[in-house]
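Taking it in order: structure first as structure tokens, then the write-up.
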Amino acid sequence: CLLLTVNCLYAAGKGTTSASFLKIGIGAREIAMGEAGSTISDGANSFYWNPALMGQIKTKKVTAMHTKWLDDINYEYLGYVHPLDVLNRKGVIAMGTTLLTMGSIPRTGAAGPAVTGSFKALNTAYIISYGRKLRENFSTGFNIKIISQEIDGDKAVGYAVDAGCLYKLKI
């Protein structure tokens, strides 16, 4: 399999990155294999790892994931994959959403460690994908993401595009 990575964005220093919750893996199988989902995932998790994997899917698929972490942090994922026309190879579309919620976070004052209240944080991403098998051993696809992060009433929204390809060697 061929893996192509393009690095066009980078962090300028501490506290300058956003949407780090998107680095959290999806799917027990893929996570257990060291997050090696970019070439092997064949379910409704496929477009998260590599949108080109959807070109291999021939049936409708749904997946859901719930992860409960320490300190009332929850991570949710819901994904759906739908082949448009398997016989004519018109491609596969998918939709998904990820949600990272954090419980109540204590607010402290600038003058000292005294707790003056609390606030919450919420991270969401909505994903729309398209993938298509172009040849027997070659597929391509892309994701469009709407990313939202909110903390203590301040909200930021961003957009991202992912593209992928998959070439299976015949050995």
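Could you work out [θ]222 nm for the chain from helices alone, using -39500 (n - 2.57) per DSSP H run of at least four and dividing by all its residues? Round to the nearest 500 deg cm²/dmol.
Calculated from helices alone, the mean residue ellipticity at 222 nm is -1000 deg cm²/dmol.
For the chain, give the percent of accessible area contributed by carbon and sulfur heavy atoms, probe 1.4 Å, rounded to a whole number.
60
Rank-order 62-74, 145-157, 94-106 by packing density, defined as the average count of other C-beta atoms within 10 Å over each peptide's residues, highest first.
Taking the mean over residues of other Cβ atoms within 10 Å, the ranking is 94-106, 145-157, 62-74.
Per residue, what accessible area does the range 14-171 have, given a 1.4 Å probe and all protein chains present, in Å²?
The answer is 60 Å² per residue.
Consider the candidate values [x] -0.27, -1.04, -1.65; [y] -0.29, -1.16, -1.79; [z] -0.38, -1.08, -1.44; state which one is log10 I(q)/I(0) by the Debye sum over Cα atoms at q = 0.09, 0.17, 0.21 Å⁻¹ computed from the structure displayed.
[z]
For the chain, with only Lys/Arg (+1) and Asp/Glu (-1) charged at the beta-carbon, what is the dipole magnitude about the Cα centre, in debye rounded to 20?
It comes to approximately 680 debye.
The values are calculated or read from the model by the stated rules, or taken from the named source; none is laboratory data. Only a predicted model underlies this, so the values are computations on that prediction, with no experimental measurement involved. As a convention, Cβ positions derive from the backbone with ideal geometry for all residues, glycine included, and neighbour counts pool all protein chains shown. Only protein heavy atoms, including side chains, enter the accessible area calculation; ligands, DNA and RNA are left aside. Shrake-Rupley method; radii C 1.70, N 1.55, O 1.52, S 1.80 Å.
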